[in-house]
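Colleague: The structure that follows is given in the form of C-alpha cells.
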Amino acid sequence: MKPHVTRRGLLGLGVGAGGAVLLGACGDDGPNPIVGGGQNAQPASTAYTGPNVALTFWNGFTGGDGPVMKALVDRFNSENPNIKVTMNVYEWADYYQKVPAAVSTGNGPDLGIMHVEQVATNAARGVVLPLDDVAASLQLKEEDFSPPVWRAGVYNSKRYAIPLDVHPQGMFYNKAVLERAGLDPENPPKTNDDYLKALDALKGKGVQGHWATPFPFTGTHQFESLTWQFGGQLFDDQATKPLFAEGPGVQALTWLVDLVKNGYSPKNVAQDADLIALQNGKAAFNWNGIWTINTLRAVKGLNWGVTALPTIGTQPAAWAGSHNFVQFKQRATDQNKLQAGKVFINFISKQSVEWAKGGQVPARKEIREGAEFKGLKEQAAIGAQIDNLHFPPSVPGIPDAMVTIDTAVNEAILLRKEPGKALADAAAKASQILEQNRKKYGG
Amino acid sequence: MVAVKAAPGRGAGLTPYLFLAPYALLFVTFTLVPAGYGLWISLHDWDYLLPGKPFVGLDNYRALFSSSSPVFDFFWQSMQATGIFTVFSVPLLVVVPLGIALILNRSFRGRTAFRAVYFAPYVLGVAVIGVLWRFLLDPNLGAVNALLGAVGLPDATAWTTGLPWAWISLVGVTVWWTLGFNAVIYLAGLQDIPRELYDAARVDGAGRWAEFRQVTLPGLRPVLLFVVINTILASSNMFGQAYLITQGAPGVETRTAIMYIAEEGLRSYRMGSAAAMSYLLTLALLLISMITFRLFRTKD
Amino acid sequence: MGRVRGIAWYTMLGGLSLVFVAPVVWMLITSFKTADEATRVPPTIVPRDPTVGAYETLFGGDSQTPVLRWFLNSMLAASGQALLVLAVASMAAYALARMDFRGKRIVFALIVATMFVPIFTLIIPNFLIIDRLGWLDSLWALIVPGAASAFGVFFLRQFFLGLPRELEEAAVLEGANSWQIFTKVILPLSKPALATLAVISFLTNWNDFIWPVYVLFSPENFTLPPGLGTLQGAYNINYPVIMAGATLASIPVLILFVISQRYIIEGVSRSGLKG
C-alpha cells in the first residue's frame, strides 16, 4: 500500500518507486556479505512437526489490508497449533528504517514483507536470507507466478523473496464527469487518439481531464508506465547505465508536459491534488495505484470506475509495485523457526485470493486466474495488465538512482526545464550514483 | 548591575564538578561519544550493516569540494537552500516574537488566553502542520488561494510548487509555527528583569522607547543571545516543513541541507558521506555563531 | 487604558490571534468531517455531516492500535525527560553561570558546540549505544538520551547569568553553601525559565517521531507519533483521521501549557529584590 506521504517523506524513504525491465541475476563477482542464510539448507516441506515455536512477522499493512492479513495470520495460528505467529504493523517508511537497525542488533523479526525494489539492497546488506530452498521445497516455479515478478526477487543468483502480490497502476475515472462531457462512462478511452479526444471534449466543458502531478505519487509512476509504453527502459538489465533519458523517456515526459501546455491539466498540481480533483469532479481521469480502490470506495456518492491504462505509446505497459515475503537474518540460526516460517509463507501465498480482496492482485498465477479473483471486478480490471508490468533491476541501491527521475519529472511538469534537458541532467546524476553503488556493494 | 566577584566557597574545589557530574555523564555518553563516533564515521565508507567499512581518509570531505563528484551539486544546492531559508527566517523569528512578548508581558485582561493562542501552533508537531499547510496552500484546491480569490486577489499562486512562492510559504509557515516558542522564552526572560529598574527609569523620566533601550534590552541580553543562536540552529536544521509542504520542489530548489543529509545517510546508507556533510554544516554554523557571540560581546 | 484604545488593542490582538488559531480550528473541524467532505472544493466551514468516525478509527476495536497505551507512554516519556532535563541541566548551568573552575570555558564551548551537530548524525551511533545498554524497546531509550542535549544547559545558563546576584551575596553572608544557594535562591528565582524549559523539553519529546522509530519495536511500547503513524499510514488522503490524531496529540499539551503559564507569569516574584 501507499505509505503515508508525509511520514514517508520525513524519513527520506521513497518506497514503491517503480522501475525498469528486469534482470537475470546480477554478476556473480564481488563479495557477498551474507552469512547464515545459506546454511538453511534443510529441505523444507509444507508441514512443520517440530516443537512449538513463536514467530514474529512484521509488515507495513497499516490500512484496509492490515485486518485482512491479521485474519489470515489468525487462521494460520489456529490451523497450526505448534506455530504461533505474532504480527506487528508499522508504517512502511518506519518499517524500512526499523528493520535493518533491528536486525543489526539481533532484534529483527523472523518474517516480513518487502517491496520488490528493496529486496536487492537488503540482500546485499545482509538483512534478509536467501530463500532458494523455500522455493525448491515448496516447488514454486516461475510459471506459478508472473515471470517479471518472480525474477525480480533474485539477487546475485540467489532468491531472496517470494512474491505475495502485485499492485499495478490503473486508470481511475469519474463516470459523472465523463457523462457531462458527452463521453461513454462505461467505455473509457484505450488509445492515445481516443484519450486526447476525450480530453478535448472535457476541455470543451471546462474540465481539465487529467491532472498531471509533478510528484512521485504518481507522476513518476505515470512517467515510467509511459516510458515502457513507448518501448523504452529506465536502466539496462544490469543497471550499469540509465536509459530513461533516451527517446522513449523523452517522449513519455513530453506527453505528460503537453497535458499542462495544452490545458488538459492545470499548472502546479500539488501532492494528492490529482486524486482529490477526481473525487471532486474536477478531473475525469487519474492514473493511480490499485490501493486507490479502497480510497474511492470510501467516498459516498462517487460514481467511478477503473481499468487498464490506455495505450498511449506503441505497447501496453504499466508501473507496478509488489509485496514479497522475506525471512530475516538472526544472530543465531534456528532451523525450527526457519522451517515454520516456510510453512507460513506457503500458507499465506495459497490464501492470496483472500488477500486480493483487500485491494491487491495475487502474484500466484493459479489464484489470479481463478474464478474467485475474477469476481473481484476492480482488482481483476487492473490485474489484467499482469503481463505488461515492469520492475526495476534487482540491484542494490537502485532506489537511490531512481530518485533522480523524481526530480526530472518534477522539473519538467512544473515547466522549469524542457523534458529532454531535465531527463539528461537526471541521467548524468543517476550514472554517478550507479557507479558509486557498484563500488559500495561490489556489484 | 554591579559585577560581584565570586565569593569564597563558590566554585572552590570539587563543588563545580559535582554540580556538572550528572549532566556530564549523560552528555559524554549520548552526545560527545556519538559525535566523536560521527567524526570517525566521516572518515570511512561506512554502512553499519556492511562488514567492510573501508577507511577513506578525507575523501568524503574532498568529494564535497570536487565538482565532478556525485554529491557536489546536490550538497551545495541544499546548502544554498538552507542559507536562503535561514537568512529570511531568522530576523523575523528574532524580532517578531520579541514584539509579541512585550505586548503579552503587559497586564491586561485575557492575556493568558492570548499567550496560549500564539503558542498553540507550536504544540502541533511538524508532521501535522506540514500536512495542514500543504492542504491549505494547494495551488489549485487550497483554502488560501480560494480566500485570496474571494477578495479579488490573484487566486492561482503556486505557493508550494513555484519560486519565490515556495520560500515565502516555508518562511511564513515556520514563523507562524515557532513564533510562540521564541515568544515564551522572551517572556520568561522579561520576568527576570527586576521591576525596580523600570521604576528607576521612570523616575528618571525615560519614555517607552528609552525604557526599552536602557532597561529591557540590556536585561534581555543573555536571553537574546540564546534566542539568536537557537533560532539560527533551528532554521539551519529545517527539514520537516520543506519535505512535507514542498517536497523539495520545484526540482530540488527547496531541498535543505538536512533533507539531503538524511537522504544520503538514512536512505542511501552512505553514512560516511552524510557525516562529512553534517560536520561541514556544523563548521559553517560554528563560524556564524562565533561571529554572533562576538557581536554580543563587543556591545558591552 | 482608554476605551477607544482598549477596543483598538483587543481588535489588533484578536485579529492577529485569528491567524494563529484558524489553522488549529481547521484541524479540529476537519477531524469531525467525513473523508470526502474534508477534501471538498470549495471547503465547507461547518461540517454538513458531522461525524466522530475519525475518532472511532483511532479508538476502534482493533487490538493492534492501543491508542490510550501510546498516550500513556508518551506522557511518561515526555514528563520523564522534562524532569531529568530540569534536574541535570539546572545543576550544570548553575556551575557554568556562577562558579569559577578550571576548564570552565572549554567545557561550556564544548557543550554549546555539540548543539551544532545535526541530530541525524547522532542517530545511528546512539542506537548502537542504546543497544549496548540493553534499553532497546523500552521507555529508557526515549527518556534518557534526549536529556543529554545541550539546549537545556545553554538555555538555563543564559537565564542564570541574567539573575541579580544580590540575593546570593546575602545568602553567602548568612553562611549558605553552594547547594543551599542553588536550591533556596537560584531555583525559586528561576521559575519562569524552568517552567519554560519544562514545556519545551516535554514538547520536543512528545512530538519526536524519528528516534522512536529506531528504538521501539513492540506496538504496546509505542508513543503517539509512531503509533498514530500506523493508523494514518494508509489513509493517504483521509484527512479526518490525520487531524483527529493531531487533535488527540495536541490538546493535552495545550492544556499543560496554559497551566504552566501560571508559573511563568508568577515569575521572579516581583519580590523584594533590593535595587
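Colleague: On a C-alpha basis, how far is the centre of the stretch B:116-153 from the centre of the stretch C:79-111 in Å? Whole number, if you could?
Modeller: 39 Å
Colleague: Another question, if that's okay. What does the average come to when, for each residue of peptide B:45-53, you count the partner chain Cβ atoms lying within 10 Å of its Cβ?
Modeller: Average neighbour count from other chains, rounded to a whole number: 5.
Colleague: Over 32 Å between Cα atoms: which of A:Lys70/B:Lys53; A:Lys357/C:Lys33; A:Lys261/A:Lys429; C:Lys104/C:Lys191; A:Lys98/A:Lys190; A:Lys241/A:Lys357 fall into that group?
Modeller: Check vs 32 Å cut-off fails for A:Lys70/B:Lys53; A:Lys98/A:Lys190; A:Lys241/A:Lys357.
Colleague: How big is the dipole moment of chain A about its Cα centre under a simple scheme where the beta carbon of each Lys and Arg is +1, that of each Asp and Glu is -1, and everything else is neutral? Debye, nearest 20, please.
Modeller: Dipole magnitude for chain A comes out near 820 debye.
Colleague: Helix A:419-441 against the longest principal axis of chain A: what's the angle in degrees, Cα atoms only, rounded to the nearest 10?
Modeller: In chain A, helix A:419-441 runs at an angle near 10 degrees to the longest axis.
Colleague: Just want the answer: with Cβ charges of +1 for Lys and Arg and -1 for Asp and Glu, which residue in C:Trp140, C:Thr223, C:Pro188 is farthest toward the dipole's positive end in the stretch C:63-230?
Modeller: Going by the Cα projections, it comes out as C:Pro188.
Colleague: Which ³J(HN,Hα) values, rounded to whole Hz and listed in residue order, are derived for the stretch A:255-265 from phi using the Karplus coefficients 6.51, -1.76 and 1.60 in 6.51 cos²θ - 1.76 cosθ + 1.60 with θ = phi - 60°, glycine and proline given as x?
Modeller: Ordered by residue, 3J(HN,Hα) equals 4, 5, 5, 5, 4, 6, 4, 8, x, 7, 9 Hz.
Colleague: Using Cα positions and a limit of under 19 Å, work out the aspartates and glutamates in reach of A:Lys203, with same-chain residues fewer than 8 apart set aside.
Modeller: Of all the aspartates and glutamates, those that pass the test against A:Lys203 - Cα under 19 Å, at least 8 places apart if same chain - are A:Glu179, A:Asp184, A:Asp193, A:Asp194, A:Asp258, A:Asp274.
Colleague: In what order do C:Ser74, A:Ser322, B:Ser268 fall by count of nearby beta-carbon atoms within 10 Å, going from fewest to most?
Modeller: Fewest to most other Cβ atoms nearby, the residues stand as B:Ser268, C:Ser74, A:Ser322.
Colleague: How far is the Cα center of the stretch B:234-285 from the Cα center of the stretch A:163-236, in Å?
Modeller: When both Cα centres are located, 34 Å separates them.
Colleague: A:Lys342: which aspartates and glutamates have alpha carbons under 12 Å from its alpha carbon, excluding same-chain residues fewer than 8 sequence positions away?
Modeller: Candidates past the 8-residue exclusion: A:Asp110, A:Asp132, A:Asp133.
Colleague: Would you calculate a helix-derived [θ] at 222 nm for chain C, using -39,500 (n - 2.57) for each DSSP H run of n ≥ 4 and dividing by the full residue count, to the nearest 500?
Modeller: Computed ellipticity for chain C at 222 nm equals -21000 deg cm²/dmol.
Colleague: For the stretch B:156-259, what's the relative contact order in percent, using C-alpha pairs closer than 8 Å and at least 6 residues apart?
Modeller: Answer for the stretch B:156-259 is 32 percent.
Colleague: Of all beta bridges DSSP finds with both residues in the protein assembly as shown, what is the antiparallel percent, to the nearest 5?
Modeller: So the antiparallel bridges in the protein assembly as shown amount to around 70 percent.
Colleague: Calculated from DSSP H runs of 4 or more alone, at -39500 (n - 2.57) each and per residue, what is the 222 nm mean residue ellipticity of chain A, nearest 500?
Modeller: Taken over chain A, the calculation gives -12000 deg cm²/dmol.
Colleague: Something else: Return the sequence-ordered ³J(HN,Hα) values of the stretch A:102-113 in whole Hz as given by the Karplus equation 6.51 cos²θ - 1.76 cosθ + 1.60 applied to θ = phi - 60°, using x for Gly and Pro.
Modeller: 5, 4, 5, 9, x, 9, x, x, 7, 10, x, 10
Colleague: Quick one: which of A:151-160, C:130-139, A:400-409 comes out on top by average Cβ neighbours within 10 Å, and what's the full order, highest first?
Modeller: So the peptides A:151-160, C:130-139, A:400-409, ranked by packing, come out A:400-409, A:151-160, C:130-139.
Colleague: Normalising by the residue count of chain A, find the relative contact order in percent from Cα pairs under 8 Å and 6+ residues apart.
Modeller: 27 percent
Colleague: Continuing with the same structure: Work out the mean other chain Cβ neighbour count within 10 Å for the residues of B:222-233 and drop it here as an integer.
Modeller: 4
Colleague: State, as an integer percentage, the relative contact order of chain B based on alpha-carbon contacts under 8 Å between residues 6 or more apart.
Modeller: Dividing the mean separation by the residue count of chain B yields 27 percent.
Colleague: Using the Cα centre of the protein assembly as shown as origin and beta-carbon charges of +1 (Lys, Arg) and -1 (Asp, Glu), tell me which of C:Ile210, A:Asn52, A:Ile405 is placed farthest towards the positive end of the dipole.
Modeller: C:Ile210
Colleague: Counting other Cβ atoms within 10 Å, which GluC sites (Glu not before Pro) in the stretch C:165-235 have at most 10 and lie in a DSSP loop?
Modeller: Answer in residue order: C:Glu174.
Colleague: Farthest toward the dipole's positive end in the stretch C:1-127, which of C:Trp26, C:Pro50, C:Leu86, given Cβ charges of +1 (Lys, Arg) and -1 (Asp, Glu) about the Cα centre?
Modeller: C:Leu86
Colleague: With a Cα-only, solvent-free Debye model of the protein assembly as shown, what are the log10 I(q)/I(0) values at q = 0.04, 0.06, 0.09, 0.10 Å⁻¹?
Modeller: The computed values of log10 I(q)/I(0) come out as -0.20, -0.46, -1.01, -1.23.
Colleague: Moving on. Considering only DSSP states other than H, G, I, E and B, which trypsin sites (Lys or Arg not before Pro) in the stretch B:58-153 qualify as loop sites with at most 15 other Cβ atoms within 10 Å?
Modeller: Here the sparse-neighbourhood loop sites are B:Arg106, B:Arg109.
Colleague: I need the trypsin sites (Lys or Arg not before Pro) found in the stretch C:1-49, filtered to DSSP loop residues with at most 15 other beta carbons within 10 Å of theirs.
Modeller: The qualifying sites are C:Arg40, C:Arg48.
Colleague: How big is the dipole moment of the stretch C:63-230 about its Cα centre under a simple scheme where the beta carbon of each Lys and Arg is +1, that of each Asp and Glu is -1, and everything else is neutral? Debye, nearest 20, please.
Modeller: 280 debye
Colleague: Still on this structure, I have one more. With charges only on Cβ, +1 for K and R and -1 for D and E, what is the dipole size of the protein assembly as shown about its Cα centre, in debye, rounded to 20?
Modeller: 3060 debye
Colleague: Further question: Mind checking the mean number of beta-carbon atoms from other chains within 10 Å of the Cβ atoms in B:109-122?
Modeller: 6
Colleague: Give me C:Met243, B:Met271 sorted ascending by neighbouring Cβ count inside 10 Å, so fewest comes first.
Modeller: So the residues, fewest neighbours to most, are C:Met243, B:Met271.
Bear in mind that the values in this text are calculations on the coordinates, not laboratory data. Bear in mind that the values here come from a model prediction, so they are computed numbers and not experimental data. FYI the Cβ positions are ideal-geometry reconstructions off the backbone, even for glycines, and counts take in every protein chain you see.
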